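Chemist: Sharing a structure, written as structure tokens. Questions coming.
The values are calculated or read from the model by the stated rules, or taken from the named source; none is laboratory data. All values reported here derive from a predicted model rather than from experimental measurement. Here the Cβ is made from the backbone with ideal geometry for all residues, glycine too, and neighbour counts use every protein chain on show.
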Amino acid sequence: MSKNRIFSGVQPTGSLHLGNYLGAIRNWARLQDEFEAIYCVVDLHAVTAPHDPKELSRATREVTAGLIASGIDPARSIIFNQSMVPEHAELSWLFNCVARLGWLNRMTQFKEKAGKNRDQASVGLYAYPVLMAADILAYKATHVPVGEDQKQHLELTRDIAQSFNSTYGLEFFPLPEPQIFGSATRVMSLRDGRKKMSKSDESDYSRINMTDGADEIAQKIRKARTDPDPLPGTVDGLAQRPEALNLVSIYAALEDIEIDQVIQEYQGQGFSTFKKALADLAVVRLGPVGNEMKRLTAESGEIDKVLADGAERATQLSRPIVAEVREIMGFLDPKKS
Ligand code: TRP
């Protein structure tokens, strides 16, 4: 039996940080053993908000370097950028005619991103989840590793697949399942334990970038916000201490152990001791990844070669699927008749 197929995407906007690494990318690397994996740098999604053309290509290469440096093997898995495979945009249009306005009106991420000034949001931002459905279904992916914030979009993908299938009376698309990790970590800002670590936070001290050097990592952790109390003796003792919980969670994720084990080791210790240990661990784990990213980025042509090869392989998979969709929907192909 063939392996199940997973598809996931990451936007090339800003710089990759620890939250992307521990929350997603590191797990993507692990999934390669169990699944046939397709990982996409979703550059078409990145232009739903105003963007700088030079920055788009820079970020596309940087994200690709981050995927490879984190252990995704381009020989085994497919890594490519979305805009190179026109099937995504094409299927997205066809799905625009499947999805209902009412479904999209419920999307909470659009409401958040568009804010009060909804009339000024791009149509692309509104249709963003439909493009995401096309990404996944162009490969008939069965599993999609996504975080909490993307679950609603995956539900929409299932609705689109289901609606297409029932309209045409076929079991054509699988209904893709979310692939949730026990080990995925929701990494919070180093400045505010209730906010997600984010590339759009204006303070660089709020996040650890994957390309930060040892000194920057150590300094950011040293300056991370905490409370004055020592570490508690139980995990429950972290409940009302979001900053403390965040640092302990990051430690556990980097060491691949349970939060409980971290607490057992460091209970009663103050943050000066714990932060030092965390900084050392972060440097050991992230240092090699950041260095490999820098090496790949400096090596001219290497990243582009991976993307070109990935696009070719992705096209081989998606082209026949989208061609079949065209045929099912009744589009005339005069070359065939
Ligand atoms: N919307 C996702 C995010 O912002 C990125 C994405 C685009 C994606 N297409 C996808 C994720 C397909 C999973 C599958 O995180």
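Chemist: Let me spell it out: the conditions are (1) farther than 19 Å from residue 322 by Cα; (2) modelled with pLDDT of 95 or more; (3) under 16 Å from the mean Cα position of the chain (by Cα); (4) hydrophobic (A, V, I, L, M, F, W, C), and residue 125 meets all of them except one. Which number is the exception?
Modeler: Result: residue 125 fails condition (3) only.
Chemist: Taking residue 79 as the residue in question, decide whether it is at negative phi, touching a Gly at 6+ places or on another chain (Cβ under 6 Å) and surrounded by 22 or more Cβ atoms within 10 Å (Cβ to Cβ).
Modeler: Taking the combined requirement at face value, the residue satisfies it.
Chemist: Is it true that some residue in segment 168-182 is away from the ligand (no atom under 12 Å from the Cβ), in a helix (DSSP H, G or I) and not aliphatic (A, V, I, L, M)?
Modeler: Yes, there is a match, as at least one residue in segment 168-182 is away from the ligand (no atom under 12 Å from the Cβ), in a helix (DSSP H, G or I) and not aliphatic (A, V, I, L, M).
Chemist: Now a separate question. Of the numbered conditions (1) touching a residue at least 60 places away in the same chain (Cβ under 8 Å); (2) hydrophobic (A, V, I, L, M, F, W, C); (3) in a helix (DSSP H, G or I), residue 134 satisfies every one except a single condition; which is it?
Modeler: (1)
Chemist: Which one of 285, 222 is part of a helix (DSSP H, G or I), touching a residue at least 12 places away in the same chain (Cβ under 8 Å), buried (at least 17 other Cβ atoms within 10 Å of the Cβ) and basic (Lys, Arg)?
Modeler: 285 is the lone residue from the list that is part of a helix (DSSP H, G or I), touching a residue at least 12 places away in the same chain (Cβ under 8 Å), buried (at least 17 other Cβ atoms within 10 Å of the Cβ) and basic (Lys, Arg).
Chemist: Quick check: is even one residue across segment 122-129 under 28 Å from residue 319 (Cα atoms) and within 11 Å of the ligand (Cβ to nearest atom)?
Modeler: Taking every residue of segment 122-129 in turn, at least one turns out to be under 28 Å from residue 319 (Cα atoms) and within 11 Å of the ligand (Cβ to nearest atom).
Chemist: Something else about it: Across segment 58-91, what is the total count of residues that are under 19 Å from residue 314 (Cβ atoms) and out of contact with any helix residue (DSSP H, G or I) (no Cβ under 7 Å at 6 or more places or on another chain)?
Modeler: The qualifying residues number 6.
Chemist: Another question about this same structure. Picking from 186, 191, which residue would you name as being basic (Lys, Arg) and modelled with pLDDT of 95 or more?
Modeler: Just one listed residue meets the conditions, 191.
Chemist: Exactly one condition in (1) within 14 Å of the ligand (Cβ to nearest atom); (2) touching a Ser or Thr at 6+ places or on another chain (Cβ under 9 Å) is not met by residue 195; state its number.
Modeler: Here residue 195 meets the rest and fails (1).
Chemist: Also: When you go through 151, 140 one by one, which is the residue that is on the phi > 0 side of the Ramachandran plot, touching a residue at least 12 places away in the same chain (Cβ under 8 Å) and more than 10 Å from the ligand (Cβ to nearest atom)?
Modeler: Answer to the selection: 140.
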